[in-house]
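The values are calculated or read from the model by the stated rules, or taken from the named source; none is laboratory data. Fair warning: this is a prediction, and the values are worked out from it, not measured in the lab. Virtual Cβ from ideal backbone geometry, glycine too; neighbours counted across all protein chains shown. The accessibility values were calculated without ligands, DNA or RNA, using every heavy atom of the protein model including side chains. Shrake-Rupley method; radii C 1.70, N 1.55, O 1.52, S 1.80 Å.
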Amino acid sequence: MREKVWFSSAGVECAGWHYPGSNGGCVVMTGGFGVTKEPGTDRFAERFAAGGFSVLAFDYRNFGESGGEPRQVAPIAGQLADWRAAIGFAATLPGVERVALWSFSLCAGYVVQLAAEDDRIAAAIAQSPNVDGPVVTRKASRYQSPLGALRLAGRTLLDSLGALVGRPPKLVALSGPRGTVALLNTPDAQLGDAVLNPGNKYPAWQQTLAARSIPGAAFYRPAKYAADIRCPLLYAVCNDDRSALAAPAITAASKSPKAELVRLPGNHYAPFTEAQEEAVQAELTFLRQHLLAPATPPPVVRSA
């Protein structure tokens, strides 16, 4: 059971799904970079809701059902502003007493940064997180051809210049085989459509991104916030991740004061496939431990 809700982020109307809960905890969720709320969160949101948690899953500005122009443009600062607005909105939902965050891939990096900055967050989950854009970009380039890299750089430059004069975005695919113009050409990134959109279950999901968004993502490094994390944060890291990489996330976890680390077998999308049950159970256990209010101890009765 869920209902469509809307909230404002700096004048932009953001769309979300609200799953009512019963235990006072609410998990605010988004998909990964360029991934809308339904393919990115449905499978986990349903499990969290079944566990008694409220859920607010939302689309960033310029994506999915949310407002904002131009479409498919993903500004880092704007998406962080959408998170902050969503956290504030979640606190107003019926029965919500404490708020947690959940996301994956690059957007799990937002979770790391926000957990270091926002005192309203009681707990957070970063699944398959990209916490070091420069390292990830350098490693991912091994899966692209020289000509493909040149074409991507050219489109990014043209789109960035076009943005200055109000031109419509030049789009790139979220993923594609070696040699194609895409955000990522890593082997596991190419599984994204089959894993998140089986049988074209979500036909409205546009699997594209404005090329002008790529430099911000490539240089975004939320690992620098790891030592300042203020709340319990679960890093769910996939051992064979070729798109976000396990090593930077493990290092970030070692620096986060209240971190918990779960190592999952498989690639970037394993938490949605063969490791899903293991991921869900670890995340539910974490949420129950850190998001639910402790039981009030019974009063001590002293004999006369």
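Residue ranges 164-172, 19-27 sort as 19-27, 164-172 when ordered by packing (mean number of other C-beta atoms within 10 Å per residue, highest first). With all protein chains kept in place, the per residue accessible area of segment 147-220 amounts to 52 square angstrom at a probe of 1.4 angstrom.
Think of each Lys and Arg Cβ as +1 and each Asp and Glu Cβ as -1; about the Cα centre, that makes the dipole of segment 1-139 roughly 260 debye.
About its Cα centre, the dipole of the chain is roughly 660 debye, where the only charges are +1 on Lys and Arg Cβ and -1 on Asp and Glu Cβ.
Each Cα pair under 8 Å and six or more residues apart adds its separation to the average, and for segment 161-271 the resulting relative contact order is 24 percent.
Here the ratio of the Cα radius of gyration of segment 154-304 to 2.2 N^0.38 Å is 1.44. A Förster radius of 22 Å, combined with the Cβ-Cβ distance separating Gln281 from Ser254, puts the computed FRET efficiency at roughly 0.40. Please give the Cα centre distance for segment 119-184 versus segment 256-291, rounded to the nearest Å. Value for the Cα centre distance between the two parts: 26 Å. In the chain, helices alone account for a calculated mean residue ellipticity at 222 nm of -10500 deg cm²/dmol, with every DSSP H run of four or more residues adding -39,500 (n - 2.57). Taking amide H as placed 1.01 Å from N in the peptide plane, the amide H of Val27 sits under 5 Å from that of Ser54, Val55, Leu56, Ala100, each at least 5 places away or on another chain. For a Förster distance of 30 Å, can you work out the FRET efficiency between the beta-carbons of Arg43 and Trp6, rounded to the nearest 0.05? The value I calculate is 0.80. Available extension along the chain between Leu150 and Asn197 is 14.0 nm, counting 0.36 nm per residue and deducting the alpha carbon span. Bridging of Lys139 to lysines at a Cα separation below 27 Å is possible for Lys170, Lys224, Lys255, once same-chain residues fewer than 8 apart are set aside. Computed over neighbours whose Cβ is under 15 Å from that of Ala153, the net charge equals +4, Lys and Arg +1, Asp and Glu -1. Remark: segment 27-103 carries 26 Å² of accessible area per residue (probe radius 1.4 Å; ligands, DNA and RNA excluded).
Per-residue packing, averaged as other Cβ atoms within 10 Å, sorts the ranges 34-40, 5-11, 98-104, 84-90 into the order 98-104, 34-40, 84-90, 5-11, beginning with the highest.
In segment 1-93, the inverse of the mean reciprocal separation of distinct Cα atoms equals 13.0 Å; this is its Kirkwood hydrodynamic radius.
Ranking His290, Gln79, Leu264 by how far each Cα lies toward the positive end of the dipole of the chain (charges on Cβ) leaves Gln79 at the top.
Assign one of three labels to the chain, namely rounded, prolate or oblate, based on the Cα gyration tensor with a ≥ b ≥ c the square roots of its eigenvalues; rounded applies when a/c is under 1.5, prolate when it is not and a/b is larger than b/c, and oblate otherwise. It is prolate, given that a/c is not under 1.5 and a/b is the larger ratio. Each Lys or Arg adds one and each Asp or Glu subtracts one; over the other residues with Cβ under 15 Å from the Cβ of Lys139, this totals +1. Surface composition of the chain: carbon plus sulfur atoms contribute 58% of the solvent-accessible area (1.4 Å probe, protein chains only, all chains present). Under the classification rounded if a/c is under 1.5, otherwise prolate if a/b is larger than b/c and oblate if not, where does segment 224-269 fall, given a ≥ b ≥ c as square roots of the Cα gyration tensor eigenvalues? Prolate, since a/c reaches 1.5 and a/b exceeds b/c. With contacts taken as Cα pairs under 8 Å and at least 6 residues apart, the chain reaches a relative contact order of 18 percent. The stretch between Arg263 and Ser22 holds 83.8 nm of extra length on full extension. This uses 0.36 nm per residue minus the Cα-Cα distance.
Excluding the sites themselves, what is the longest stretch of the chain that contains no GluC sites (Glu not before Pro) in a DSSP loop with at most 16 other C-beta atoms within 10 Å? Longest gap between qualifying sites, sites excluded: 98-273.
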